[in-house]
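Student: Would you mind keeping the following structure in view while I ask a few things?
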Amino acid sequence: MSEKIKYLNSDQFEKLLKTGDKPIILDFFSDDCPPCEVLAPIFEKMADKYEGQIEFVKMMRQDNRELALKLGVTGSPTVLFFNHSEEIGNRMSGFMTKPQVRIAIEEILGDVLPPAKMSRVDCDLIILGGGPAGLSAGIYAGRAKLKTVIVEESICGGQAGSTSHIANYPGTMGPINGKDLVNNMKEQALSFGVRIDDLKEIFEVKLDGPEKYVRTEDVEYYSKAIILATGSRPRETDAIGGKELKGKGVHYCATCDGAMYEGADILVIGGGSSAIEEAVFLTRFAEHVIIVHRRDEFRAAPIEIEEARENKKITILTNKVVKEVKGGDYVLKEAILKDVKTGKEEVLAVSGAFVYVGNEPQTDRFKGQVKLDETGYISALEDTKTNLTGVFAAGDVRTKSIRQVVTATSDGAVAAIMAEKFITAIK
Ligand code: NAP
C-alpha cells in the first residue's frame, strides 16, 4: 500500500478540499469490486509517479454513502478530480486502464514529468498480455528455457482474473475464484524463470522483420518471437446517453454496483451467459429486472434461460434494443426501447442499466501490421501462427468460436511450443 495515498472519510476529505493547495484525485472504491481491484495498483503507481503534484485520495464508497450521493457517484470505482473545492476534468468509472488514468491526470496537470530513463531488454520471446493465454504461454516457454518476458499493461489476470466463480476449469475441485486461478498460473510461470513486467504502458509494437520490438514508458524489449495474448475487453453500450451516464445509472459490474438498486426497477442488456447470470444475481437487490435482448434466440445456455424465466422478479424482452437512456438525479430516469422487427418504441421507467453485450478484441496496436479478421480479431488458426513470421496469437484475441479460460490456456501452450520451434529453427 503506497504511503503517498491518503485514505480519508468524508469529513476529512471535505476539510482537505477547503484547505488543500494541490489538485486532488479521488477514488471512490468498494469491497467485492473487480474493477476496483484492477484500479488499485494503477492508482498506487500513479501516486508514486506524480508525487507532490497531485493529492491521491481513496474513500470507501459504502462507508461514505452520503458524500458519494451528494457528488452523484453511484458506481465503483469512480475517479473524480478537484481543484480549490471545485470538481474539474472528466470523471471516470468502472474498469479503467493505466493509459486512461494517466491521460486524465495529464489533462489536469499537463505534461509535468521529465522523460523516463529507458532501459533495454533482449530476450527470446515477448508475450504481450498476462491473462490465462499469456501466462500459460509463459509456463511452456519458461519450461523450454526460452528467455521470456510477459509484458502486461494492467495486473496479470485478464478478464478471468475479475471473475468471481470459475466452475468449469479442469482440475480445480469445485468453483474457484478467477483471481486465485490466475495467481497460481502467474506463480507457476515465475517458478520457470519467466520475467513478468506488469503495469507497463505499451507505446509502440513492431511485429514486422526478424527482430520484434515493444516499447513501454521505460523499457525497450527486443526478441526473436512474440506472442500476442492481449485478450478482449467488455463492449460498451451503443445506446444514446450510455457513455455519458456510465457510473451514473449505466453499469458494467453487478457485484460492484448492484446493491445501489435495492427495491428498484432495472435493465440488463444482452443475451449471453453474462447477461443472464448477472440478471439473476441482481434480483437479490432489485424489485424488477428486465432483460433486453436484440434477438429471440440466446447465446446463454438453455439451463440459464430457464432459471431466469422461473425467477418471478425477471422479465425477458426479446427483439428489442435499448435506443436511449436518460439520466435522473443520480441514476437513470428512463430508457427508450425499440422493437427491431416493428420499429415501435416504448419508454420504460428504470433506475439503472447493467450492460453485458459481449467483448471486443484488444488489437488496436496491431492494426496495419498483423492480419485481422472482419471483426477485428487476429487471424490465426489452431496453430496460433499469424501472417507474420515469428508472430503468434493466443487466447481471446485470436479468431475462434469458443472463448473460455480453458481454450485460452490451451492456445497459450500451443503458441509457446510453436514459438520455441520457430526460435530453434532460426538459431
Ligand atoms: P456473449 O456470449 O458474446 O453475448 C453477448 C450478447 O450481447 C449477445 O446476446 C449479443 O447479441 C448481445 N450484443 C452484442 N452486441 C450488442 C449490441 N450492440 N447491442 C445489444 N446487444 C448486443 O458475451 P458474454 O455473455 O459476456 O460471454 C462471453 C463468453 O464468456 C462466452 O463464451 C460465454 O460462454 C462465457 N461466459 C461463461 C460463463 C460461465 O461459464 N459461467 C459466464 C459468463 C460468460 P447476439 O446474440 O444477437 O449476438
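Student: With 31, 63 as the choices, which residue is farther than 23 Å from residue 329 by Cα and outside the structural domain of residue 157 (by TED's automatic domain parsing)? Full working, then the answer.
Tutor: Numbers: 63 fails: farther than 23 Å from residue 329 by Cα.
Of the residues listed, the single one that is farther than 23 Å from residue 329 by Cα and outside the structural domain of residue 157 (by TED's automatic domain parsing) is 31.
Student: Among (1) of a type outside the set (Val, Ile, Thr); (2) open to solvent by less than 80 Å² (accessible area, probe 1.4 Å); (3) farther than 17 Å from residue 95 by Cα, there is one condition residue 15 misses while meeting the rest; what is its number?
Tutor: (2)
Student: Conditions first: (1) in contact with a Pro (Cβ under 8 Å, 6 or more places away or on another chain); (2) open to solvent by less than 10 Å² (accessible area, probe 1.4 Å). Residue 275 passes all but one, so which condition is the exception?
Tutor: Condition (1) is where residue 275 drops out.
Student: Could you identify the single residue in 380, 425 that is hydrophobic (A, V, I, L, M, F, W, C), in contact with a Lys or Arg (Cβ under 7 Å, 6 or more places away or on another chain) and either without any contact (Cβ under 8 Å) to a residue 60 or more places away in the chain or within 15 Å of the ligand (Cβ to nearest atom) (or both)? It would help to see each step written out before you state the result.
Tutor: Working: 425 fails: in contact with a Lys or Arg (Cβ under 7 Å, 6 or more places away or on another chain).
The match here is 380.
Student: Still on this structure, I have one more. Tell me the residue from 404, 369, 362 that is within 16 Å of the ligand (Cβ to nearest atom) and either aromatic (Phe, Trp, Tyr) or out of contact with any Ser or Thr (no Cβ under 8 Å at 6 or more places or on another chain) (or both), please. Let's see the steps before the verdict.
Tutor: Working: 369 fails: within 16 Å of the ligand (Cβ to nearest atom); 362 fails: either aromatic (Phe, Trp, Tyr) or out of contact with any Ser or Thr (no Cβ under 8 Å at 6 or more places or on another chain) (or both).
The match here is 404.
Student: Need the failing condition index for residue 166 against (1) modelled with pLDDT of 90 or more; (2) crowded, with 17+ Cβ neighbours inside 10 Å, just the number.
Tutor: Among (1) modelled with pLDDT of 90 or more; (2) crowded, with 17+ Cβ neighbours inside 10 Å, the lone unmet condition for residue 166 is (1).
Student: On to the next question. Hey, could you check segment 340-355 for residues that are outside any strand (DSSP E or B) and out of contact with any Asp or Glu (no Cβ under 6 Å at 6 or more places or on another chain) and say which is nearest to the ligand (Cβ to nearest atom)?
Tutor: Going residue by residue through segment 340-355, those that are outside any strand (DSSP E or B) are 340-344, 349-351.
Those still in the list that are out of contact with any Asp or Glu (no Cβ under 6 Å at 6 or more places or on another chain) too: 340-344, 351.
Numbers: 340: 10, 341: 13, 342: 17, 343: 16, 344: 17, 351: 20 Å.
Of everything passing the filter in segment 340-355, 340 is nearest to the ligand (Cβ to nearest atom).
Student: Let me ask something else. For residue 285, work out the one condition from (1) away from the ligand (no atom under 16 Å from the Cβ); (2) open to solvent by 10 Å² or more (accessible area, probe 1.4 Å); (3) in contact with a strand residue (DSSP E or B) (Cβ under 7 Å, 6 or more places away or on another chain) it doesn't fulfil.
Tutor: Tallying (1) away from the ligand (no atom under 16 Å from the Cβ); (2) open to solvent by 10 Å² or more (accessible area, probe 1.4 Å); (3) in contact with a strand residue (DSSP E or B) (Cβ under 7 Å, 6 or more places away or on another chain), residue 285 fails exactly one: (3).
Student: Where residues in segment 370-427 are assigned to a helix (DSSP H, G or I) and among the charged types (D, E, K, R), which of them is surrounded by the fewest Cβ atoms within 10 Å (Cβ to Cβ)? Walk me through how you get there before you give the answer.
Tutor: To start, the set of residues in segment 370-427 that are assigned to a helix (DSSP H, G or I) comprises 395-397, 405-426.
Next, from what is left, pick out any that are among the charged types (D, E, K, R): 396, 411, 420-421.
Details: 396: 29, 411: 29, 420: 19, 421: 12.
The selected residue is 421.
Student: If you don't mind, another one. How many of the residues in segment 288-299 are crowded, with 20+ Cβ neighbours inside 10 Å and either more than 17 Å from residue 317 (Cβ to Cβ) or near the ligand (Cβ under 7 Å from one of its atoms) (or both)? Even if it seems obvious, please write down each step before you answer.
Tutor: As a first pass, look at segment 288-299 and keep what is crowded, with 20+ Cβ neighbours inside 10 Å: 289-293, 298.
From what's left, either more than 17 Å from residue 317 (Cβ to Cβ) or near the ligand (Cβ under 7 Å from one of its atoms) (or both): 293, 298.
Number satisfying all stated conditions: 2.
Student: Also, I was wondering about something else. Looking at residue 319 and the list (1) free of Cβ contacts under 8 Å to residues at least 40 places away in the same chain; (2) under 27 Å from the mean Cα position of the chain (by Cα); (3) at positive phi, which single condition is not satisfied?
Tutor: Of the numbered conditions (1) free of Cβ contacts under 8 Å to residues at least 40 places away in the same chain; (2) under 27 Å from the mean Cα position of the chain (by Cα); (3) at positive phi, the odd one out for residue 319 is (2).
Student: Just the residues that are under 17 Å from residue 288 (Cα atoms) and within 11 Å of the ligand (Cβ to nearest atom), please, taken from segment 323-336.
Tutor: none
Student: Does residue 111 satisfy the condition of being acidic (Asp, Glu) and at pLDDT 95 or above? Write out each step before concluding.
Tutor: On the way: acidic (Asp, Glu): yes; at pLDDT 95 or above: no.
In short, no.
The values are calculated or read from the model by the stated rules, or taken from the named source; none is laboratory data. Keep in mind the model is a prediction, meaning the values are calculated, not measured. Backbone-built Cβ (ideal geometry, glycine too); neighbour counts: all protein chains shown. Heavy atoms of the whole protein, side chains included, go into the accessibility calculation; ligands, DNA and RNA do not. Shrake-Rupley method; radii C 1.70, N 1.55, O 1.52, S 1.80 Å.
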